[in-house]
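Worksheet: one structure, shown below.
The values are calculated or read from the model by the stated rules, or taken from the named source; none is laboratory data. Because the structure is predicted, anything quoted here is derived from the model rather than measured. Here the Cβ is made from the backbone with ideal geometry for all residues, glycine too, and neighbour counts use every protein chain on show. Each accessible area value is taken on the protein alone, full model and side chains, heavy atoms only, with ligands, DNA and RNA left out. Shrake-Rupley method; radii C 1.70, N 1.55, O 1.52, S 1.80 Å.
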Amino acid sequence: MISMNFKRAVWVLSIGLIAAVGTAKAGATLVTIDGSSTVYPVTEAVAEEFQISKKGAIRVTVGISGTGGGFKKFCRGEVDISGASRPILKSEMENCAKAGIKYFELPVAFDAITVVVNPKNSFLKQITVAELKKMWEPGAQGKVAKWKDINPAWPDLPLKLFGPGADSGTFDYFTEAVVGKSKSSRGDFTASEDDNVLVQGVSQDKGGLAYFGYAYYAENMKRVKAVPIVDKAGKTAVSPSMETVISGKYQPLSRPIFIYLSEKAWQRAEVKEFIAFYMSQGATLAKEVKYVPLPAKAYEGNLEHLKKGKLGTVFGGTPEVGITIEELMKREGKL
Amino acid sequence: MARMARKDIGEIRGIIARAKRLDVIFGVVGVLALGLGLLTFATLFVDMALDGYSRLTPDFFTEFPSRHAERAGILSAWVGTTLVMLVTACVAVPLSVAAGIYLEEYAPRNWITDIIEINIANLAGVPSIIYGLLALGLFVYEFNLGQSILTAGLTLALLILPVVIVATREAIRSIPSHIREGAYALGATKWQVVQHHILPYSMGGIMTGVIIGMARAIGETAPIITIGALTFIAFLPASPVTGTFPFLSFEWLQSPFTVMPIQIFNWTSRPDPNFHANAAAAGFVLVLMTLIMNGLAIWLRYRIRRNIKW
């Protein structure tokens, strides 16, 4: 009896599987997005609202593969849009070129990398980029272990550093902006891809210091304290906030984040609708998820560039620190 | 002479008493070990239930993920997990039972069989991410199955194959050989012996293996992420039942998907602490899903065993 049922089940299944593999791909219109976890909250919010407004007629999926992982899929033509917390790199440009994938680079919001300390830390009123460099450069490993090692005015307190892991775009940008070379950092700090771990660490350690995206600071203002940053000697200290980022005063730790859109996907009606929605609602939704929106002109500029067919990146494959959004919009693109 | 015997008896009694003491000590250690495991599980489970309790409303099961913690639900995640598990079970169970029967009943004892056996034992210990990488190359790119429910189900099926094969073989080995011999003596062919005796009698043990395998598969995240499960998905796969002939559709196998562990992971890593309650609630549901699945298998095993009379 059992074996009869069993045999029947095996038959039904094998036939079913063969039939399934044989059928064509689903016909519903689908926009596929992957890439950076930093861009994810903004894209997710847009995707959610877009699907509600279209009542499910157009489907959107969003994955998190990281900026690098997203570009790998993007340059193989597997996804329509890829989120990136840094501009596309030379090697990734080459991969895309090899596969014949042309793309648009669309800045969608700003993120401010925020340096935070424990709320009980009363001696640190501001920090200079030079001091941050002394703290984080590879040479500091094993040598800079106390706060007074960096600035003699600071107390003899153990320095506990927390930061994102080496796969993170935030790590790339921070090291580029502070140490001067991307991915160049001391290794003896507590690294975690989960920013909640960093918040937890700093909130429990009086001598703790961490850096991560502004959204995590905005949600945890009671547990950690943001440190105003002094860009260069002689300048005034600037705290991270919506205003200081938009005005371009919060330097060098504010950065634009992007979506990359494949030219082929742009030809499709559903993708056009999605992008139009992204550019019109992006500012509101970015603000809602605690990101800093671009000025309205930038979103309009993006649409303009799409219309004119301005392909490629304005960075030429090398990371850059402190570029303003106006400058970014004016530059010529390169594939 | 008599004194000697009395002394001997005393010594023997001492040995017996010591052995019994050891017995009791081992019993206590065993209960403590079990208690420690159960206590850890109970603590985690209760903690999770308390954290997520407020989110366990009917809406939580019928809503798609959202950027608003209080509006977010696990609909796409639990449907995804259920469908992936269905594919996994449908692929892994027949394949591994067939493999187990072959190795126990049919395979000749030679070096090829030995190599197969060693490899199965080794496969059981391979980290799950390796299966993910294999599946990415083989299913996603080579067979062009895409980042679909089918791919995920096949990947997890590969992952649990060794576990179920080993369990099947153990179950078959525990059948007394006089049953086989009796059947052969009455002129049954090998297949008849397997079909009428081996398979029904070993079903209980096979089910146990399936339970263990599926429980492992349902919590896997690494291989599923590798093959490209999504994080935000606000629609369901196509329905498997349709209104027109042949009333069955397999389009859902090709659908993009997410699963519970990925949803939980995403929620725990969000800045807004309200999402952490969601993650706890989803974790609670995942444990319940595992328990229900195991309960079902145990009930099946009980029913099957009840019908066996040797």
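Each residue in region B:52-77 was checked for being part of a helix (DSSP H, G or I) and either away from chain A (no Cβ under 14 Å) or loosely packed, with under 13 Cβ neighbours inside 10 Å (or both), and 9 pass.
Restricting attention to region A:200-222, the residues that are within 8 Å of chain B (Cβ to nearest Cβ) and assigned to a helix (DSSP H, G or I) add up to 4. For region B:155-171, the criterion of being outside any loop (DSSP other than H, G, I, E, B), surrounded by fewer than 24 Cβ atoms within 10 Å (Cβ to Cβ), more than 22 Å from the chain's Cα centre (by Cα) and more than 14 Å from every other protein chain (Cβ to nearest Cβ) is met by none of the residues.
Among the residues of region B:92-113, count how many are farther than 17 Å from B:LEU154 by Cα and touching a residue at least 60 places away in the same chain (Cβ under 8 Å).
Of all residues in region B:92-113, those farther than 17 Å from B:LEU154 by Cα come to B:100-113.
Cutting the leftovers down to touching a residue at least 60 places away in the same chain (Cβ under 8 Å) gives us B:100-101, B:103-106.
Here the count works out to 6.
The number of residues in region A:51-107 that are within 13 Å of chain B (Cβ to nearest Cβ) and charged (D, E, K, R) comes to 8. Taking B:LEU103 as the residue in question, decide whether it is surrounded by fewer than 16 Cβ atoms within 10 Å (Cβ to Cβ) and either part of a helix (DSSP H, G or I) or away from chain A (no Cβ under 14 Å) (or both). For B:LEU103, the condition - surrounded by fewer than 16 Cβ atoms within 10 Å (Cβ to Cβ) and either part of a helix (DSSP H, G or I) or away from chain A (no Cβ under 14 Å) (or both) - is not met.
Out of (1) crowded, with 21+ Cβ neighbours inside 10 Å; (2) more than 19 Å from the chain's Cα centre (by Cα), what's the single condition that is false for A:ILE259? Checking A:ILE259 against (1) crowded, with 21+ Cβ neighbours inside 10 Å; (2) more than 19 Å from the chain's Cα centre (by Cα), the one that fails is (2). As a summary of the residue check, B:TRP191 satisfies the conditions (1) more than 20 Å from the chain's Cα centre (by Cα); (2) away from chain A (no Cβ under 13 Å); (3) not hydroxyl-bearing (Ser, Thr, Tyr) except for the one numbered (2). Looking across B:VAL241, B:VAL193, one residue alone is open to solvent by 10 Å² or more (accessible area, probe 1.4 Å) and either at negative phi or not β-branched (Val, Ile, Thr) (or both). It is B:VAL241. Taking the criterion of being more than 10 Å from chain A (Cβ to nearest Cβ) and either β-branched (Val, Ile, Thr) or buried (at least 22 other Cβ atoms within 10 Å of the Cβ) (or both), the residues of region B:196-207 that qualify are B:SER202, B:ILE206, B:MET207. Here the condition is being in the same structural domain as B:PRO162 (by TED's automatic domain parsing) and either under 26 Å from the mean Cα position of the chain (by Cα) or of a type in the set (A, V, I, L, M, F, W, C) (or both); of B:GLY205, B:GLY182, it holds for B:GLY205 alone.
Of the listed requirements (1) surrounded by fewer than 21 Cβ atoms within 10 Å (Cβ to Cβ); (2) not in a helix (DSSP H, G or I), A:LEU294 misses just one: (1). Exactly one residue among B:ALA152, B:ALA121 is open to solvent by less than 20 Å² (accessible area, probe 1.4 Å) and within 21 Å of the chain's Cα centre (by Cα), and that residue is B:ALA152. Within region B:135-152, not a single residue is part of a loop (DSSP other than H, G, I, E, B) and over 30 Å from A:GLY63 (Cβ atoms).
Which ones in region A:186-197 are of a type outside the set (Asp, Glu) and within 11 Å of another protein chain (Cβ to nearest Cβ)? So that I can check it myself, show each step before the final result.
Here is the first cut: in region A:186-197, the residues of a type outside the set (Asp, Glu) are A:186-187, A:189-192, A:196-197.
Scanning region A:186-197 gives A:SER192, A:ASN196, A:VAL197.
Please work out if B:LEU248 is in contact with a strand residue (DSSP E or B) (Cβ under 7 Å, 6 or more places away or on another chain), within 14 Å of chain A (Cβ to nearest Cβ) and surrounded by fewer than 21 Cβ atoms within 10 Å (Cβ to Cβ). For B:LEU248, the condition - in contact with a strand residue (DSSP E or B) (Cβ under 7 Å, 6 or more places away or on another chain), within 14 Å of chain A (Cβ to nearest Cβ) and surrounded by fewer than 21 Cβ atoms within 10 Å (Cβ to Cβ) - is met. I'm trying to understand the selection: among the residues of region A:98-138, which are under 23 Å from the mean Cα position of the chain (by Cα) and assigned to a helix (DSSP H, G or I)? Correct list: A:VAL129, A:LEU132, A:LYS133, A:TRP136. Just to be sure, is B:THR81 closer than 30 Å to B:THR168 by Cβ and either crowded, with 18+ Cβ neighbours inside 10 Å or free of Cβ contacts under 8 Å to residues at least 24 places away in the same chain (or both)? It is true that B:THR81 is closer than 30 Å to B:THR168 by Cβ and either crowded, with 18+ Cβ neighbours inside 10 Å or free of Cβ contacts under 8 Å to residues at least 24 places away in the same chain (or both).
Within region A:27-82, being among the β-branched types (Val, Ile, Thr), open to solvent by 20 Å² or more (accessible area, probe 1.4 Å) and assigned to a helix (DSSP H, G or I) holds for one residue alone: A:ILE52. Taking the criterion of being within 7 Å of chain A (Cβ to nearest Cβ) and either on the phi > 0 side of the Ramachandran plot or open to solvent by 20 Å² or more (accessible area, probe 1.4 Å) (or both), the residues of region B:208-234 that qualify are B:GLY228, B:ALA234.
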